Amino acid sequence: MPPRSKITKDMIIDAGLNIVRNEGQESLNVRRIAAELDCSTQPVMYHYKTVDELKADIYFAADEFHTNYIMTPDESADVPFLSIGMRYIKFADEESHLFRFLFQSDKFKSSFSELTSADALAPIIEPMCKAFGLTEEKAGEVFDAVFMTVHGAASLLANNSLSYDEAYFRKLLTDVFNGMIER
């Protein structure tokens with residue numbers, strides 16, 4: 001008899017991530033993951049004591065996927081910072097289930113101030129300061145305004161309340177960015 005394929009934690013996370021991406025977080029459960037892996041629920045629960053642990057790992061994988069997506073450089077962008085915003089909006093359009101899982105579920109517990117003061121923003125804030133002669137405080141204000149615009153547009157897209165129009169969003173972000181720089 002051939003050996004059974006071993007179900008790994010990575011396989012479980014990948015299956016869960018695929019389910020969320022394609023069907024939405026409503027479909028994410030142990031039975032659905034097991035069906036995706038063509039196994040019983042036992043291998044899934046062998047690796048996870050609770051469903052919350054499983055969902056936390058899938059959330060982490062989704063967050064990593066999102067970060068890699070938005071941080072992929074756009075060489076044609078005049079302002080790299082705005083390229084990140086455009087990719088954030090495009091992500092919401094292309095990965096609406098994943099966007100809602102990340103930012104519109106009970107898993108998203110960060111406050112706005114935690115997001116905007118994170119050490120992860122240093123690679124964004126420092127170049128803005130240098131390129132435009134801004135103080136860190138002013139660069140933070142610019143980031144806040146652009147982020148709120150980007151997140152609002154992305155939320156509308158992810159919930160099918162708006163259609164993606166690259167030229168429109170590029171102009172919107174440029175206008176907000178320039179308005180904040182000149183303010």
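Things to note:
- Selection status of residue 44, of a type in the set (Val, Ile, Thr), surrounded by fewer than 19 Cβ atoms within 10 Å (Cβ to Cβ), farther than 22 Å from residue 158 by Cα and not assigned by TED's automatic domain parsing to the domain that holds residue 104: no
- Whether a residue is aliphatic (A, V, I, L, M) and in contact (Cβ under 8 Å) with a residue 60 or more places away in the chain was assessed, and residue 45 does not pass this test.
The values are calculated or read from the model by the stated rules, or taken from the named source; none is laboratory data. Quantities reported herein were computed from a predicted structural model and do not represent experimental measurements. Cβ: placed from backbone, ideal geometry, glycine included. Neighbour counts: every protein chain shown.
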